[in-house]
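The values are calculated or read from the model by the stated rules, or taken from the named source; none is laboratory data. All figures in this text were calculated on a predicted structure; none of them were measured in a lab. No Cβ is skipped: glycine too gets one built from the backbone with ideal geometry, and neighbour counts run over all protein chains shown. Protein only, heavy atoms only, side chains kept; ligands, DNA and RNA dropped before computing areas. Shrake-Rupley method; radii C 1.70, N 1.55, O 1.52, S 1.80 Å.
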Amino acid sequence: MRAGTHRFHRDLPESPIWGFDGGLPGPTIEAERGQPVSVEWRNELDGPFPVVVTTAPAAVDADGIPAQCVPGLSGGRPDDDAAALTGQTVVHLHGGLTPAPYDGWAENLSAPGQYAVFHYPVDQRAALLWYHDHVMGVTKFSVYAGLAGLWIVRDDRERELELPEGPSFEIPLLIQDRNFDLDDQGRLTGRLVHKTDPEVMEAFAPFTMVNGKVWPVLEVEPATYRFRVLNGSNARTYRLVLLRDGEPDLGRIVQIGTDHGLFRAPVPVPAGGLVLSSAERADLLVDFSHLDPGTELTLLNTARAPFDGSPSAFTDQEDAADVDGLLPYPHVMRFRLTDGPTARRPVPPELATDYEPPAATRFARVPHRAIALVERELEGRPSMLTMRELAPAKGDDAGPVVTVTDGRATVRYRAVAARFEDATTFFPVLDEDEVWQFINLTDDTHPIHVHLDPFQILARHPIRYEIPEDGIGKRDLAAEIKLERDPDDRLDHAIDDNERGLKDTVRVNPNEIVEIGVRFTRYSGRYMYHCHILEHEDRDMMRPFVTMPAELMPFMHEHRHHMFHGSMTM
Ligand SMILES: [Cu+2]
């Protein structure tokens, strides 16, 4: 990890950045399944922190334009604490089945001049992973400064299917948003700006870049391309629509994989567009054959920010910009057809054979854990977002409780943890199935990422809830949740076809409980799960869990008290 410079657009001056190998994105690492890789992550960062961090004094300017939609500091003061950052790092391989000592625990830091040697077994199916800094409290700044790169795992199954591999027909698309400073004359300086405002604690930057370039053009031949798409933004969720002549042209896209690799069978992308929240991946085959040279296609983002799961309001390209939705420039990139031989590849009808869709019976009687996502508003400071781990309340518990009612049955919970530093309450047993239920009691969609093994999404349930006055305490939580749909709720709470694969990040929408089925394997130790909106993860939507081998559980008996056996909702 080194300081370097990077040109985000040919018309921009060079920007100081921090990057792996001094570049942005970092070098793409390709690894073969079953061939372990060791990386010496050397921290050689120096010089000042390359990003100006600020909070605009007002959410909108005198003309009513949101501060986050324009470059510059919008009258905000540069944050002195961020300017004083010296570059402590710890690298996490997102999606890696990594032993705990090498997983990038957020508090195990390397200072400049120090290094960490991490051993990655790479004993996992082919997938697009990514590595990025994961430092406690300031991941939002170090990833924004450039500390992220791609890691591709290859395996034999993909080769059997003869999927495009490597240049020129397999291309990773790392999508991120960035903002830049202005000089006294109002010209863009290239200096990176991380700007929030009094109403929005996440940075939703106006300029979209792909692989480090703002609004790039990719020349493509009339052939089938494989795009490995990753949303590496701090907070922004994208809903990607491919346009030709201003009309949606999604039919030429087939999705063959997600976070942890191939689906069982290809699926079309959702009619409204491909939704990717922070850290989600999509493996796409796009058929450009039979398009004339010179044809241009545009990739557009139609998702408002902050994202709340609302369906697409997109009608046409001309009015896709939505400044109130913090989307001043919906443009992502363009594809331009060149001359070349037509090379259409058939899409294999059967892809992965190494996993089954989750059977209801498999997960009906296994341990269930419940986590409530809550936002605690604070006077004069940004909100505190936390994940409240819930444990069954005792019958005589008179304290604040969370009740979940499904028809006649009511389950009562008590919040037992809120902040990262609170005592660990989750001790999953290796090689045993579990169900984790994420209960969203906020107005935004949270992409929840679980380290170590992938999971499958079992259900999305619509809910209505009430939180009494002062119901959200520092640790305590009181809420009445009903498993029923609010008549005003516009979300369908469906599991999309392209979410029915092996995932490591799941969108938990407002008014919704998401259930995932997970089984941790192989590695015992201390891991993390968290919201992948980096501004949320840093404050304080992240919690530890400890995986334990079964033979140790008789000696750790009390850890089993924090869960239900069996279902509360199914
Ligand atoms: Cu979040």
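Annotations for the structure displayed:
- Residue in segment 435-443 that is more than 16 Å from the ligand (Cβ to nearest atom), closer than 24 Å to Asp476 by Cα and either more than 20 Å from the chain's Cα centre (by Cα) or modelled with pLDDT of 95 or more (or both) present: yes
- For Gly517, the test of being open to solvent by less than 10 Å² (accessible area, probe 1.4 Å), in a loop (DSSP other than H, G, I, E, B) and either over 16 Å from Thr442 (Cβ atoms) or away from the ligand (no atom under 16 Å from the Cβ) (or both) is failed.
- For segment 445-472, a residue qualifies if it is buried (at least 20 other Cβ atoms within 10 Å of the Cβ) and either part of a loop (DSSP other than H, G, I, E, B) or within 16 Å of the ligand (Cβ to nearest atom) (or both), and the qualifying residues are Thr445, His446, Pro447, Ile448, His449, Val450, His451, Leu452, Asp453, Pro454, Ile463, Ile472.
- The residue that is nearest to the ligand (Cβ to nearest atom), counting only those in segment 425-434 that are in a strand (DSSP E or B) and open to solvent by less than 10 Å² (accessible area, probe 1.4 Å), is Glu434.
- Taking every residue in segment 441-457 that is among the hydroxyl-bearing types (Ser, Thr, Tyr) and pairing it with any residue that is open to solvent by 10 Å² or more (accessible area, probe 1.4 Å) and within 16 Å of the ligand (Cβ to nearest atom), at least 6 positions away or on another chain, the pairs with Cβ-Cβ distances below 6 Å are Thr442/Glu375; Thr445/Phe307; Thr445/Asp308; Thr445/Gly309; Thr445/Arg507; Thr445/Asn509.
- The set of residues from segment 530-547 being at pLDDT 95 or above and either open to solvent by 10 Å² or more (accessible area, probe 1.4 Å) or within 11 Å of the ligand (Cβ to nearest atom) (or both) comprises His530, Cys531, His532, Ile533, Leu534, Glu535, His536, Glu537, Asp538, Met541, Met542, Val546.
- Residue within segment 389-411 that is at negative phi and within 16 Å of the ligand (Cβ to nearest atom) present: yes
- Given (1) open to solvent by 70 Å² or more (accessible area, probe 1.4 Å); (2) under 30 Å from Val60 (Cα atoms); (3) outside any loop (DSSP other than H, G, I, E, B), number of the condition Glu375 does not satisfy: (1)
- Within segment 75-162, strands (runs of 3 or more DSSP E) holding 1 or more residues that are surrounded by fewer than 20 Cβ atoms within 10 Å (Cβ to Cβ): 115-120, 148-154
- Here Thr55 meets each of (1) of a type outside the set (Asp, Glu); (2) closer than 30 Å to Asp155 by Cβ; (3) under 24 Å from the mean Cα position of the chain (by Cα); (4) open to solvent by 70 Å² or more (accessible area, probe 1.4 Å) with one exception, condition (2).
- Single residue of segment 494-514 satisfying the filter (within 16 Å of Leu441 (Cβ to Cβ) and more than 14 Å from the ligand (Cβ to nearest atom)) that is most open to solvent (accessible area, probe 1.4 Å): Asn511
- In segment 378-389, the residue that is surrounded by the fewest Cβ atoms within 10 Å (Cβ to Cβ) out of those that are in contact (Cβ under 8 Å) with a residue 60 or more places away in the chain and among the hydrophobic types (A, V, I, L, M, F, W, C) is Met384.
- Every pair of residues 6+ apart whose Cβ atoms lie under 9 Å, when the first sits in segment 524-551 and is over 18 Å from Gly96 (Cα atoms) and touching a residue at least 40 places away in the same chain (Cβ under 8 Å) while the second is part of a helix (DSSP H, G or I) and more than 16 Å from the ligand (Cβ to nearest atom): Leu534/Phe141; Leu534/Tyr144; Asp538/Phe141; Met548/His559
- Residue match in segment 364-372 (condition: surrounded by 12 or more Cβ atoms within 10 Å (Cβ to Cβ), assigned to a strand (DSSP E or B), within 16 Å of the ligand (Cβ to nearest atom) and under 21 Å from the mean Cα position of the chain (by Cα)): yes
- Residue in segment 473-493 that is farthest from the ligand (Cβ to nearest atom), counting only those that are open to solvent by 20 Å² or more (accessible area, probe 1.4 Å) and without any contact (Cβ under 8 Å) to a residue 40 or more places away in the chain: Pro487
- Scan of segment 31-71 for residues that are of a type in the set (Val, Ile, Thr), part of a loop (DSSP other than H, G, I, E, B) and under 30 Å from Gln124 (Cβ atoms), ordered by number: none
- Per the conditions (1) part of a loop (DSSP other than H, G, I, E, B); (2) hydroxyl-bearing (Ser, Thr, Tyr); (3) open to solvent by less than 10 Å² (accessible area, probe 1.4 Å), the sole criterion not satisfied by Tyr413 is (1).
- Residue identified as farther than 23 Å from Leu218 by Cα, in a strand (DSSP E or B) and open to solvent by 30 Å² or more (accessible area, probe 1.4 Å) among Ala271, Ala265: Ala265
- Residues that are assigned to a loop (DSSP other than H, G, I, E, B) and crowded, with 16+ Cβ neighbours inside 10 Å, drawn from segment 166-196: Phe169, Asn179
- Those residues of segment 161-186 which are among the acidic types (Asp, Glu) and touching a Pro at 6+ places or on another chain (Cβ under 9 Å), in sequence order: Glu162, Glu170, Asp177, Asp181
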